[in-house]
Amino acid sequence: LSYAVFSFVVRKFKIQYLGEFCASLVIGGLAILTVKLGWTQNANSIIIGGVMPLVPGIPLTNAARDLVSGNLISGPTRGIEAILTAVAIGSAIVIIMRFS
């Protein structure tokens, strides 16, 4: 469901960070909902497993590789992109956890 939301938002608005933010909101909301309904005991494991495909591991690694190889333009650019993605995911989860 979260991937469908991510794909829809990215296609509709053409903003990757907004898609990741909305997908993380869906993941957090569903995790909290399952705990409230009594289907599960711990929402943290569900949230971690749900956001794992959204986490920018490879772009962060590529940014570090570019920096080490001396590419002082593409390295920080890729790093900032990966950090923005992580901030979008993290802020959505914080919002869900705060207001649940």
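What is the distance, in nm, between label points placed 7 Å from the Cα along the Cα-to-Cβ direction at A4 and at Y17?
Output for this residue pair reads 2.8 nm.
Could you list F13, F99 so that the one with the fewest beta carbons within 10 Å of its beta carbon is first and the one with the most is last?
In increasing order of surrounding Cβ atoms, one gets F99, F13.
Once every DSSP H run of n ≥ 4 in the chain is given -39500 (n - 2.57) and the sum is divided by its residues, what mean residue ellipticity at 222 nm do you get, rounded to the nearest 500 deg cm²/dmol?
Computed mean residue ellipticity for the chain: -26500 deg cm²/dmol.
In a Debye calculation with equal point scatterers on the alpha-carbon sites of the chain and no solvent, what is log10 I(q)/I(0) at q = 0.10, 0.11, 0.17, 0.18 Å⁻¹?
Listed by q, the Debye log ratios stand at -0.32, -0.38, -0.77, -0.83.
Could you line up M97, M52 from fewest to most neighbouring Cβ atoms inside 10 Å? Provide the component values of the computation, followed by the final result.
Details: M97 14, M52 10.
Listed from fewest to most nearby Cβ atoms, that is M52, M97.
Output wanted: per-residue J couplings in Hz (rounded whole) for segment 12-26, from phi through Karplus 6.51 cos²θ - 1.76 cosθ + 1.60, θ = phi - 60°, x for Gly and Pro.
Per residue, the Karplus-derived 3J(HN,Hα) values read 6, 9, 6, 10, 5, 5, 5, x, 5, 4, 5, 5, 5, 4, 5 Hz.
Bear in mind that the values in this text are calculations on the coordinates, not laboratory data. Keep in mind that this is a model prediction, so the values were computed, not measured. Cβ coordinates were reconstructed from backbone atoms using ideal geometry, including for glycine residues, and neighbour counts include every protein chain displayed.
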